[in-house]
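Notes for the one structure printed next.
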Amino acid sequence: MPIQTGLTDATLIKLFHLGWTDKQIAEKYGITPQAVNKRLQRLGLKRRSNTLDQVHELLGYRWKIKTMPYRGTHHSRYSAKRLKLWFRWRLGDDSLSEHQIKEAKQWERRIRNNNEVLCYDPESEDGWYYRPRTEEDGRLVIDWPKDLPFPDERFRKALELPDETTDE
C-alpha cells in the first residue's frame, strides 16, 4: 500500500501551477523530490526549466544543431548534454540536482585541465569535438566566431570559464 502523505493529485496540480518546485513540495509532504516528479509525470505535467529554454535559444543562435531521421539528434550527444548542464548551472538554474551540478563541474574541469573548447560540426557523425584553446577563444568554453555578436552580455559571461574554484 502506498505511503499516505496527504498530498492529493488536486493539491499537487495546484502547487505545480503555483510554481512550487519539486523540492518544496517534497519537504512540505515528507517525500522525496523524485517521488513528486514521478507523480507529476504520471499526471502528464512536466517541468521545463526556463533556463533550459534560454540555453537552447543561445545554442540555436550559435549553431543549427542537426536532427537526423532514424539516428537521433546531436542534441543528445554526451558533449552537448554536458555543455547544456554546465550552461544551466552557470545561468543559476536552481532546478539542477546535486548530481547534475557535480557533472557540470566535472565537465568544467575537463575543459579547464585540457585547455580546450567545444566545437560543433553538423556534418560529422557525433557532431561535437574538442579542440585546443587559442588566444582568440579567451575564457569561452565553446568556439564562438569573432564576427558573431552575442545576443546578450549575460550569455557571454555565462559561457566563460569562471575563476578557478576548489569545489569538487
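Structural remarks
- Computed label-point distance, nm, for sites THR21 and ASN50 using a 7 Å Cα→Cβ extension: 1.3 nm
- Of the GluC sites (Glu not before Pro) in segment 95-132, those whose Cβ has at most 16 other Cβ within 10 Å and which sit in DSSP loop: GLU123, GLU125
- For the chain, alpha-carbon Rg over 2.2 N^0.38 Å: 1.23
- Considering only ARG131, ARG154, ARG88, the mean-square fluctuation computed in a Gaussian network model of the chain, springs between alpha carbons under 10 angstrom, is largest for ARG154.
- For the chain, adding -39500 (n - 2.57) for each run of n ≥ 4 DSSP H residues and dividing by the number of residues yields -13500 deg cm²/dmol at 222 nm.
- Computed over the chain with a Gaussian network model linking Cα atoms closer than 10 Å, the most mobile of ARG133, ARG77, ARG39 is ARG39.
- Acute angle (nearest 10 degrees) that the helix 98-114 long axis makes with the longest principal axis of the chain, alpha-carbon atoms: 10 degrees
- Length gained when the stretch ILE101-GLU153 is fully extended (0.36 nm per residue, less Cα-Cα span): 16.4 nm
- Residues considered: ASP137, ASP53, ASP147. Largest GNM mean-square fluctuation over the chain, using C-alpha springs under 10 Å, is found at ASP147.
- Violating pairs (Cα-Cα greater than 30 angstrom) within the set LYS14/LYS105; LYS64/LYS105; LYS23/LYS64; LYS81/LYS157; LYS38/LYS157: LYS14/LYS105; LYS23/LYS64; LYS38/LYS157
- Using C-alpha pairs under 8 Å with a sequence gap of at least 6, the mean separation divided by the residue count of segment 26-168 gives a relative contact order of 19 percent.
Rule-based calculations on the coordinates, nothing more; no lab input. Model, not experiment: these values are computed from the prediction. Cβ: placed from backbone, ideal geometry, glycine included. Neighbour counts: every protein chain shown.
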